[in-house]
Amino acid sequence: MPFVSIRIAGTADHDQKAGIVADVTASLVARLGKNPAAVQIVIEEVSPENYGAGGQLIADRDAPTTKGDAHADVSR
C-alpha cells in the first residue's frame with residue numbers, strides 16, 4: 001500500500017488538494033501499477049512562518065517590502 005506525504009508551504013484550497021490527490025494517485029497507478037484504492041496521501045500545510053529556505057523564513061522572503069527597507073533583498 002503506497003503512502004505519500006506531501007508538505008506545502010502555505011495553504012491550498014479544497015479543489016487544489018483534490019487535484020493533487022487525483023494526480024499523485026494516477027501517477028502511482030500508471031508508473032507502478034498500484035491499485036488506486038490502496039494509495040494513501042496526506043497533505044500537510046506548513047505555515048510560512050514555520051518553514052525556511054536559503055537562510056530565511058519563507059514568510060519573510062515572500063513578505064511585501066517597502067522602498068528603502070534594509071531587508072528588502074537579502075539575496076545580494
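The values are calculated or read from the model by the stated rules, or taken from the named source; none is laboratory data. Because the structure is predicted, anything quoted here is derived from the model rather than measured. Cβ placement follows ideal geometry from the backbone for every residue including glycine, while neighbour counts extend to all protein chains displayed. These accessible areas exclude ligands, DNA and RNA; they are computed on the full protein's heavy atoms, side chains included. Shrake-Rupley method; radii C 1.70, N 1.55, O 1.52, S 1.80 Å.
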Ala70 passes all but one of the listed conditions (1) open to solvent by 90 Å² or more (accessible area, probe 1.4 Å); (2) more than 18 Å from the chain's Cα centre (by Cα); (3) at pLDDT 95 or above; the exception is number (3)
Enumerate the pairs (first residue in the stretch 13-42 and assigned to a helix (DSSP H, G or I); second residue anywhere and open to solvent by 60 Å² or more (accessible area, probe 1.4 Å) and not β-branched (Val, Ile, Thr)) with beta-carbon separation below 7 Å, excluding pairs fewer than 6 apart on the same chain, so at least 6 apart or on different chains. Thr25/Pro36; Leu28/Lys34; Val29/Pro36; Ala38/Met1
For residues in the stretch 43-61 being in contact with a helix residue (DSSP H, G or I) (Cβ under 6 Å, 6 or more places away or on another chain) and touching a residue at least 24 places away in the same chain (Cβ under 8 Å), which is nearest to Pro2 (Cα to Cα)? Ile43
